[in-house]
Structures are given as structure tokens and as C-alpha cells.
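Take a look at the structure below.
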Amino acid sequence: MAEGVTQPSPGPEELHPLVLGRGRFLDDLHVPGMLHAAFVRSPHPAARIETIDAGAARAARGVAAVLTGADLPGEVRPIRTRIATDSRATYRCTDWPVLAAGEVRYVGEAVAVVVAESRYLAEDAAALVDIAYAPQPAVSAAEAALGPGAPRVHDGLSDNRLFAATLEAGSPAADPVVSVKGRFRHPRVTGAAIENCGALADFRANERELVLWSGTQIPHLLRDLIRDCLDLGDIAVRVIAPDVGGGFGIKMQALPEEVVLAHLALRLRRPVKWTEDRLENFLASFHARDAVVEAELAAGPDGILRGLRARALVNAGAYSSFPLSVALEPLTIASALPGPYRLPAFAYEGAAVATHRCPVGAFRGVGFTLGPMVMEGLMDRLARKLGIDPLELRARNLIPPADMPATSAAGALYDSGDYPALLALTARAAGYGAWREEQACARISGRLLGIGIACFVEPTGMNRAVYRRRGMVHVPGTDAARLTLDRNGQIEAAVSTPTQGQTQRHAFKRLLAQKLGISEASIRIALGDTARTPYGSGTFASRSMVGGGGALLTAAERLEQRLIAFAAARWNLPANALRYEAGAVAQIEAPWEKLDLAALAAFAHGPDAPVLADAEPGIVVHATYDSPITPVSAAVHLALVEVEKDTGKVRVLRYVVAEDCGPMVDPAGVEGQIRGAIAQGIGSALFEEIIYDAEGQLLTASLLDYLLPSATDIPAIEIVHMETASPGTAGGLKGVGESGIIGAPAAIAGAVLDALEVDPEEVRLPLTPERVRTLSVDAA
Amino acid sequence: MKPAPFAWCAPATLDEALDLLAGHADAARILAGGQTLGPLLNMRLATPSILIDINGIGELAGLHPDSAGLTIGALTRQSTLEDDPKLAALQPLIAMAIPHIAHRAIRNRGTVGGSLAHADPAAEWPALATLLGAHLLARSKSRGRRLIGAEEFFITHLTTALAPDELLCEVRVPPSPPGAGYAMLEFARRHGDFALAGAMVRLTSDAGGKLTDPRLVLFGTGRRASRARRAEAMLAGVSAGTALFAAAAATAATEIDPYDDLHASAEYRRHLAAVLASRALEEALARMNGKRHD
Ligand SMILES: Cc1cc2nc3c(=O)[nH]c(=O)nc-3n(C[C@H](O)[C@H](O)[C@H](O)COP(=O)(O)OP(=O)(O)OC[C@H]3O[C@@H](n4cnc5c(N)ncnc54)[C@H](O)[C@@H]3O)c2cc1C
């Protein structure tokens, strides 16, 4: 090793097989006799399917089957995502046929599937499927879809509005106020995981079990959906998520293709694999965001906030995705807008409208990203208007710790946190004052520096009550863990929140080892297999540490009780004479008398094992966890950027984060989450945009046109921490999976506008060099 | 994203390759580094029935400097040039440009000939060949050897003067004039992307400090990389100066025919061309005057 060069830490062992090429991702799986599927996809945004001639494709070399929508028997039902709405919301269900039924509604919609001996042959034959389409008028932009004469995406509905909700709280004070407003447009983006989606389905006739491997984030809910869409009788469905190369929320939606694969395996009685390629991923995996928010913020002359009024419009694409539906984005934007601020009045209208675009789904941060983009954008405007330093303006309005727990203007409970301290910590870590001086000096020499601030909260690990309130009936809101102590004293902890590379195994091991006072080496974590893990919601919305971790902690307490019960039987003592401590059960009166895990395991599996009244032999415990509250993490981001005046190029010079996500089980994992999500947020702010033309044709169907930030575009991210435990969750745990991307677009956009000293009518991301230059020319 | 079926043949000699090309000209594609052709095949945008893989033809690779300049074999990898310590002295502009071509992994496979034959208007090699007055040697069974000047070689977007049965074998670059100052600037969304616009400059001067044969090439701003002849004419024979450079850059920006695409409008490209041309002229001057050594 060269002197002075520090080696990067190798990271948790869990990642080693993945980075050494020893992972087993979906496409690495091979089942004997396996066939390969390729989908034929619509080239039209809106068209009727007149005829399909699959004769040549069926006759092509190596083809086992070609199916169209018409070939699917009636028992293959469309994906139907329900929402139970209250009086303040309306929702219209869209049926999403798993293969287009007579009509296509977006470019890339699956119309037919070809199954052949190899993917090459399947693609050869797919090109031979002859489909006659009658193109229909299409609508691509959300605003256009609401127009009076707009083509309707679903004939059965009176207009294209799929979801609408309103929210009103408080009333703005009547005394004179200043107000600022603006329109904020977040592009349609996607998660762009390294591994695309896909599925492998295999029917095991002996076991009467249909096994579906998929990179899904929601194995149990996907299993529910497969059962809902297919008539399976006594056939069990088992979903297995193997190693997964990134999910980011995109893989928490069920794909119609997954249902088709399950059907194919049953129908053909052969395993069938489909590996989505990048082109398909852009055409037909889930997109996200595509939202515009118009908002107005009112304050007193001292900058104290009086009220916020906002209207959000989300371009939801052609169908409502499973399990969260098109309601997700408008509902989340509503809850995110008030942020960490005291806001006496809030009025909100949000809608999701159907267009002839690919459906949107969850992507890391969901509508929470729009919250700070709008609120922090308006705060900057207010600061400029009032001549108050933007950091000071925020400090004046943050909810103080004395108010905790607080209820936000959107009705969300903020359980804990010290937001003013977090802001002060960030300012100190960054040297905010020095940044302002540097900015002033640079300006004299003609260089444009800008500072962006994002203060925000991140509701994490949402519980059952939140999903019931939102009407999201397909999500239980609970998670679960099962602990099994085996004969050798090893614990298998099976948890319902799978990993997509976030190193939950490592974090869960740590959490459990600390809780039980045992070594991490005696724990094995099982994830991502519905046959091995108990039923639960899955990994999304920053829930795996709160939900999965909470379930583990609860199960650990039950395990202690169970161990005590076995020890009581072994010693013939009452349970209340014993206690569990640091990996062993001890007698309270004679603490040197101990049985450790290995001894208890041997006893419980040995010839003298008792059959306890309330349990089977062996030591197995189970816990389903519904977090008593939805814990709220918080963070502040500060970004320093330079804008090159004559080209509009933006360079991020410094990026400082203060994060409070509660007690950190795995600090390296926490920082990895923050860094990765900020990189994606910088992507949304400066690079990434899925573009459709006005007719609904997708123009960005490859990574040549959809620009992801590369290593050289991401600055070193400096992170400092506060750890405020939640008073309401097991272990005081909170989540952190999305934080970075919630703040980054706001911080970057704010910094660019600060550099240019402009407040355009519309802030439109990504801030491409050309858009930035246009802003600066318009300002001059 | 799997290619349509094709036959693959890997000739061991140039002669074999030319025979194959003669036999299959219209149905064949030459496979060099595959960094462009690979994706085209996978997306079925190219569906040749036969691929002629020239990677086994050793005589097509390598650098040969002599008094007539530098000859670079078509199969020479970009990374071979990048790693060659002699290049910066022989051809400073080429050495400046190579790191801007895609990413190292792509440069490890991508070839000079592939880049020239593909003729992307935003690529560095066509601009280099145009500015440096290179000649390209093509060979075929029907026409024998043809030496084509760069400005005749690049016809338009993805189109060259190569006939379907011709193989590009080498590019010949005349020696760098003594005392020349070079600059190469490009503006891309991310490092390694094709440029939205780029400018290359070579300045030389006579004993009296007057510019002789100034060269300015803009790329990524039209159907092909092209010399800004009117801007060059403004600069020829005069003493260099910043004011003049701005005017020449503005003129150069009127000599191009930029296009709109997803990443930039034509208007923005024209603007960038002027900005880059002006900066590149200044940099080249500083290098010519020995005030800049990077
Ligand atoms: C992500 C990415 C970024 C890139 N960025 C840049 C960039 O910034 N600048 C840049 O210049 N390039 C860039 N490229 C293109 C890269 O340099 C290409 O690989 C190169 O242009 C083609 O070289 P190749 O050897 O790979 O040719 P191939 O892909 O093998 O062939 C390309 C074409 O040239 C033909 N051909 C190849 N050799 C010959 C020959 N000797 N005679 C006749 N025809 C021939 C082939 O038949 C084919 O049509 C990028 C590529 C990628 C994938």
C-alpha cells in the first residue's frame, strides 16, 4: 500500500459476494428445462388492436408458445389496485390487463409474449408477430389530459382524473402579510437500478407450488397479487427475491409481466424466465414523480409563516400501479409540504391524472421530494423579498423541540427531534458564514456561487394506521420476524423486509446481537422468501429498520421468555426465578448458575426436551410488529454550487448534511443510504429526465439519453449526525432510506437560483446547462 | 436486446479481410472495437448477415512515426495512444483529445479506425483528422489503395467516402509544425459523453508574430466536424489578440449548421461553439507563446 493512501473500508461482508461477482441475481438463475420470454410491446401511445397474426412467430425456430391478450383465459384477471377513500378524496380504479386487451394505452405496453428456447430466439420470433393497430388520439401532458376535449385514456371514465384529494387546516391570520408564489416542476424520472426487473416462474408439480423469483421489494404482497390475478385452487405461490441489484421503490410495484410469467409456468408446465433489458426498463418499468406544484406562501413582515396554499398535479400514466396506486404521489406531496415548519394554515388540492404514458410508481422519496422543492423554494423567495438571510428565516420558523411531539399542518405526528439544533449543526459543519463571504468575494471577480438550503422531515416506517388512513388496502403496514434457535445454538432470524443491497442483513445482525448480548457470528438472517419469512409489508418507504427491526426486537423479547421457559423446565424452577442476560439464562438467586444459548439449544432438541404446554418442541418465536407511531427523521442539507455564467454548467462544490435518523444501528449503512440518495437527488436536479413528446412517444429510452450522474458529478458528501431516539418505536428506531433524495433537489435548485439571483415563475428540473443559461439570460 | 442472427468470421490477414469484404460488401459489417457496433447490433438497429472481425489482423494496429508524420493503424486502441509517452510531443492535439473520448473502459476496446469510419459529428477523431489535415488510407480488392483527405472523407452525419467493400487501414497525420500552439475544448453534459459542442485550434506564427495558417475546427455542431474557414481567414496574417479572437469565434459560430436534439437546442449549440472557440483560441495562443504548458 502506498504511503499516505488510506484504503477504503471494505464495507460489510454482506456486500462482498455482490461486488466480487459471486452474487446470484435473477439472470444468474437457471432451472433445468427453462424457457425464455420476450414481450412484444406497443409502438403506439394509444391505439386499438385490430388484428394480431402470430402464425409466423409460432412457427419460428425454438418457439414454445406465443400468447396475446386474447389467448389468456378469463381466469387471468387484470391488476386492479383498490383504494378505500374518505369524503375528502375520490379515486377511480383502472383495470390493467396483464397483456393488452384490444387496446394499448402507452408505448411499451405488453401486447404479446413469445416463449422460446433462448432469449435470442424469442426476440427473433417477437419481430414476426404481426399486429395491426388503429392509432387513436393520445394525450401526453397532464395539463392537456385535463382539457375539455382531451382524449380519454379509459373509456369508462368521464374524464382523466384518477385521484383527487383536498386538505384544509387552520385559517390564515387576517393581518397584513407578504406572500410569494411559484410553480415547481419535477421531471418524470426512474430509479435506474443496475439490475433491471425480471421474473423466473417454475411450477413444482409434486409440491403443487408455483415458485416465482423476482427482484421484488414486496415478496408477500406480490404473492397476494399473483393469487388475486390467477385462479390457483390448491396451488401455493412462493415468491423468492434472490440477490437484488437495487430497487429504489421501482421494484415495489408489481409488473404485469410477473403475472404473465406465473401464468406461463402453469400453462406450459415449464420454467420460464424473463429478464427485462434496459430498453424495456425505460419503456415499461415504473416511472416516477412527473408532478407540478403551484404554491403560495404567506408570512408576516418578520418572516413568520402564516399559511401555505398549494395545488399539485401528477401525471400518473396509463394505469394505477399495485399496491399503492396513483394516490401515492398527491397524498405524499400533501403530507410533505409543511416540512419542519410551524404553519398555522394549509390548504391543498392534489390530483393524479391518467395520460398515455408509462404508469408511475414509487421511487425513493416519492412526493416527499416535492415538499422541500416547493417549500424551500418559497422560503428562499420570501427571504429575498424580506431581506432576511435564508438560514435565519428558516430558524425563525422551525418547530422548536419544546413543541414535540407536534402535529404538522398536514396532520402528521412529528414524534421527536430538535430541528433548530439540526440547522445550527449544519451551518456550523459547513461554515455557512464563510460560504456567504466566499460567495460575495467570488461575485466581485465575476464568479457565480450559490448556496442552497433544504430543511425537511422524513416520515419513516409507516404503520398500519397510516395505510388505513390513506386507504391503501393492499399494504398491511406491519412487518414480522421469526427467530429459530437451531440444534447448534445458531439463531436464524427471518424478517419480512428483504434487501436490495442496503445491507439489512448486516444491520439486523447487529441489532439482534446487541439486543440479545450474543455474537453476530451466531446469527443468520433470512430475507426475501415467502416460504422462509413471515408475512409482512416488505422493504419500501424507509421501513425496514423500523418495521423489520421493530419486529426483530419484539421477537427477541419473546425469545428470551421462551429460553427462560426451557431453562425453567431444565432446572425445575419457576420462570420468575430466572432472568435472561447476555446470551444466557441465569438463576436470580444463584446468578452463577447459567445456561447459554448453546446449552439451551442442545437441551431443547435433545432426548430430555420437554413438551411445553404452550409450544411445540424446539425454540421458535414469531412477532408481527405494527409500529405504535410513524417515526419522523429529519435532516438539513447545505449545498454550495458554482454556475458558469456563459455556459450554464453547474458544479457542486460542497455538500453538507446533518441527519437525525434516531439511533444508528449501522452508521456506515446510514451514510451509504444518505450518499446514494443524494447522488440520485443530484441526478433529478441536474441530469435525469424521462421525456415524452406531445404525442406520447418516449424519447429517452436508453442511458445515452437518460443521463445519470457519474462519479465525477457527485461531490464528496460531508455528513454529521444527531441521534434523537423516537419515544414511540421499538428501540427508538427511525428510518433513513430516502432522506438524501428528499433534500437534494431542493438544495441544488435553491443554490442555482441563489447564484443567479433569480426567482423564475417556474422552477423546472433538471437544471440542464441550457435551462440555467436561459434563466440567467432572462434575468439579465 | 439480443442481436439478430449473423455469421462471424475472423480473418487473420488483411488480404483475407479484403476478400471477405469483396464477397459480401453489402451484407457485411466490420467489427473493430465493437463499442458502437455492439449496441447497434443488440438493439437490432444494425442487422448485418456477416460480421468481419478484424481484431486478429495485427498489421492494422500500431503507431509509426517518421519524417512524413505519424501513421496510426486503424485497429489501434484509443488507450494505446493514451498510454504512449511519445504522443504528446509528436501530436499534442491528439494527446489532448483522447481522454475526452468516452471512458477508459471504452477506450481500451475502441479503435481509431472505428471512430473515423463511424463518423459521428460529435466525435473527436473526425475533428482531429480535419484540423490536422490527415489522410486516410482505404483498401479494397476493387479499388486497391486509396488515400483520402480528411475533408473529402467525412461527408455528413455517419457517412464517409468509404465504399462498402473498402477497409480503412490507417490514418496519416502530417508532422506538427514547429512552435504550434494547440487547444481543444469541449462541452459535454457529463465527462465522457459526446460533446454538445467542441472546438479545436492550432496556431502558428511567423517571426514577426503574425499568425500563419490558423486552424479552427468546430465539432458536435453540424452534420460533420468542419473548419471555420471564414474565421480562419480573419485570423491569418494578423497579430493575435483577444478582441480579434472574440470576433473570429463569433464568425465561426455563423459557419456551422447546428441541430436540435434532446440534450441541446441548435441555438444553444451555436452559443457554446462561440464560447468554446474563443476560449480555445486564447488557450492555443498562450501555448504558442509558451505561457501555458499543461
Ligand atoms: C458510452 C459511450 C460513450 C462514447 N463517447 C464517445 C466520445 O465522447 N467521443 C467519441 O469519439 N466516441 C465516443 N464513443 C464511441 C467510441 O469511441 C466508439 O467505440 C468508436 O467511435 C467506434 O470504435 P470501435 O472500434 O468500437 O468501432 P466498432 O463499434 O467496431 O465499429 C464502428 C463502425 O465503424 C465500422 N468500422 C470499424 N472499423 C472499421 C475499419 N477499419 N474500416 C471500415 N469500417 C470500420 C464498423 O463496421 C461500424 O460500422 C462512445 C461510446 C460509448 C459506448
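Each value in this text was obtained by applying a stated rule to the coordinates, not by laboratory testing. Keep in mind that this is a model prediction, so the values were computed, not measured. Ideal geometry is used to build each Cβ from the backbone, glycine not excepted, and the neighbour counts take in all protein chains shown.
Near B:K291, which aspartates and glutamates are there with a Cα under 17 Å away, not counting those fewer than 8 places off in the same chain?
Within reach: B:E282, B:E283.
What pairs from A:K649/B:K86; A:K251/A:K273; A:K251/A:K649; A:K509/A:K734; A:K251/A:K515; A:K515/A:K734 go past 22 Å between their alpha carbons?
Working: A:K649/B:K86 34 Å; A:K251/A:K273 17 Å; A:K251/A:K649 33 Å; A:K509/A:K734 17 Å; A:K251/A:K515 31 Å; A:K515/A:K734 17 Å.
In this structure, A:K649/B:K86; A:K251/A:K649; A:K251/A:K515 lie more than 22 Å apart at Cα.
What does the average come to when, for each residue of peptide A:704-713, you count the partner chain Cβ atoms lying within 10 Å of its Cβ?
Details: counts 5, 3, 1, 5, 1, 2, 6, 2, 3, 3.
Whole-number average of other-chain Cβ neighbours for A:704-713 is 3.
For segment A:184-198, what does the Karplus curve 6.51 cos²θ - 1.76 cosθ + 1.60, with θ = phi - 60°, yield as ³J(HN,Hα) per residue in whole Hz, taken in order and with x for Gly and Pro?
10, 10, 9, x, 5, 9, 8, x, 6, 4, 4, 8, 6, 7, x
Sort A:562-569, A:548-555 by packing, meaning the average of other beta carbons within 10 Å per residue, with the highest value first. Numbers along the way, then the final one.
Numbers: A:562-569: 22.1, A:548-555: 28.4.
Ranking the peptides A:562-569, A:548-555 by packing returns A:548-555, A:562-569.
For segment A:84-195, give the magnitude of the charge dipole about the Cα centre (Cβ charges: +1 Lys/Arg, -1 Asp/Glu; no others), in debye to the nearest 20.
Values: 10 positive and 14 negative charges, 119 e Å.
Dipole size: approximately 580 debye.
Within segment A:531-568, which residues have the backbone N less than 19 Å from the label spot 7 Å out from A:E589 along Cα→beta-carbon, could you tell me?
A:564-568
Over chain B, what number does the Rg to Rh ratio reach, with both radii from the alpha-carbon atoms and Rh per Kirkwood? Intermediate results must be reported in sequence, preceding the final value.
Working: Rg = 19.3 Å, Rh = 19.6 Å.
My calculation puts Rg/Rh at 0.98.
Got a sec to turn the phi values of segment A:379-396 into Karplus ³J(HN,Hα) couplings, 6.51 cos²θ - 1.76 cosθ + 1.60 with θ = phi - 60°, whole Hz, x for Gly and Pro?
With coefficients 6.51, -1.76 and 1.60, one gets 4, 4, 4, 5, 4, 5, 5, 8, x, 9, 4, x, 6, 5, 4, 5, 4, 5 Hz.
5 Å is the cut-off here: which amide hydrogens, built 1.01 Å from N in the peptide plane, fall below it relative to A:R188, excluding neighbours closer than 5 in sequence?
A:D290, A:I690
What is the mean number of Cβ atoms from other protein chains located within 10 Å of the Cβ atom of each residue in peptide B:186-192, rounded to a whole number?
Partner Cβ neighbours, averaged per residue: 5.
Mind ordering A:368-375, A:453-460, A:757-764 by average Cβ neighbours within 10 Å, highest first?
The densest-packed peptide leads the list: A:368-375, A:453-460, A:757-764.
So what is the relative contact order of chain B, in percent, for Cα pairs below 8 Å that sit 6 or more residues apart?
Once normalised by length, the contact order is 15 percent.
Once a ≥ b ≥ c are taken as the square roots of the eigenvalues of the Cα gyration tensor of segment A:637-723, is the result rounded (a/c under 1.5), prolate (a/b larger than b/c) or oblate (a/b not larger than b/c)? Before the final figure, lay out each step's value.
Details: a/c = 2.94, a/b = 1.65, b/c = 1.78.
Verdict is oblate for segment A:637-723.
Can you give me the three principal axis dimensions of segment B:58-173 from its C-alpha atoms, in Å, biggest first?
For segment B:58-173, the Cα spread along each principal axis is 38, 31, 26 Å.
Starting from the Cα of B:L45, move 7 Å in the Cα-to-Cβ direction to define the label point; list residues of segment B:108-125 whose amide nitrogen is under 20 Å from there.
Residues B:109-125 qualify, since their backbone N sits under 20 Å from the label point.
Would you mind classifying segment A:446-486 by shape? Square roots of the alpha carbon gyration tensor eigenvalues, ordered a ≥ b ≥ c; an a/c under 1.5 is rounded, otherwise it is prolate if a/b is larger than b/c and oblate if not.
Working: a/c = 5.36, a/b = 2.09, b/c = 2.57.
Here segment A:446-486 falls in the oblate category.
Starting at the first residue of segment A:322-327, write each ³J(HN,Hα) from the Karplus equation 6.51 cos²θ - 1.76 cosθ + 1.60 with θ = phi - 60°, in whole Hz, x for Gly and Pro.
Per-residue couplings from phi come out as 9, x, 8, 6, 5, 6 Hz.
Roughly what would the spin-label model give for A:A711 and A:T166, points 7 Å off Cα along C-beta, in nm?
Reported label-point gap for A:A711 and A:T166 is 5.4 nm.
For segment B:7-53, list log₁₀ I(q)/I(0) at each q in 0.26, 0.30 Å⁻¹, using the Debye formula over Cα point scatterers of equal strength and ignoring solvent, two decimals each.
-0.95, -1.14
If you count, for every residue in A:645-651, the Cβ atoms of partner chains within 10 Å of its Cβ, what is the mean?
Values: counts 0, 7, 8, 4, 4, 0, 0.
Going residue by residue through A:645-651 and averaging, the value is 3.
Calculate, for A:C441 and A:A402, the FRET efficiency according to 1/(1 + (r/R0)^6) with r their C-beta to C-beta distance and R0 41 Å; round to the nearest 0.05.
Working: r = 39 Å, r/R0 = 0.95.
According to the calculation, E is roughly 0.60.
With the contact rule set at Cα under 8 Å and sequence spacing of 6 or more, what percent relative contact order holds for chain A? List each step's numbers first, then the result.
Numbers: 1966 pairs, mean separation 117.8, N = 780.
With pairs under 8 Å counted, the relative contact order is 15 percent.
Label A:D175 and B:H103 with points 7 Å out from Cα along Cα→Cβ: what is the distance between them in nm?
5.8
Relative to the longest principal axis of chain B, what angle (0 to 90°, nearest 10) does the C-alpha long axis of helix B:266-288 take?
The two axes meet at around 70 degrees.
To the nearest 0.05, what FRET efficiency results for B:K210 and B:S67 with a Förster distance of 41 Å applied to their C-beta separation?
Working: r = 27 Å, r/R0 = 0.66.
Approximately 0.90, to the nearest 0.05.
Need one word for chain A: rounded, prolate or oblate. Basis is the Cα gyration tensor (sqrt eigenvalues a ≥ b ≥ c); a/c below 1.5 gives rounded, then a/b vs b/c decides. Display every interim value, and only then the final one.
Numbers: a/c = 1.75, a/b = 1.09, b/c = 1.60.
The shape class here is oblate.
So what are segment B:181-288's ellipsoid semi-axes, whole angstrom, largest first, if each one is the square root of 5 times an eigenvalue of the alpha-carbon gyration tensor?
Details: eigenvalues 123, 35, 20 Å².
Ellipsoid semi-axes (Å, largest first): 25, 13, 10.
Tell me the label-point distance for the pair A:A602, B:S239, using the 7 Å Cα-to-Cβ offset, in nm and rounded to one decimal.
About 9.8 nm separates the two model spin labels.
Under the 0.36 nm per residue contour assumption, what length would be gained going from the current alpha-carbon distance of A:E761 and A:D231 to full extension? It would help to have the intermediate numbers written out before the result.
Values: separation 530, 0.36 × 530 = 190.80 nm, distance 5.31 nm.
This chain segment gains 185.5 nm when fully extended.
For segment A:173-216, count the residues as N, evaluate 2.2 N^0.38 Å, and divide the Cα radius of gyration by that value, please. It would help to have the intermediate numbers written out before the result.
Working: Rg = 25.5 Å, N = 44, 2.2 N^0.38 = 9.3 Å.
My calculation over the Cα atoms of segment A:173-216 gives 2.75.
Relative contact order of segment A:81-236: what whole-number percent is it, with Cα pairs under 8 angstrom and at least 6 residues apart? Working shown, then result.
Numbers: 95 pairs, mean separation 24.7, N = 156.
Relative contact order comes out at 16 percent.
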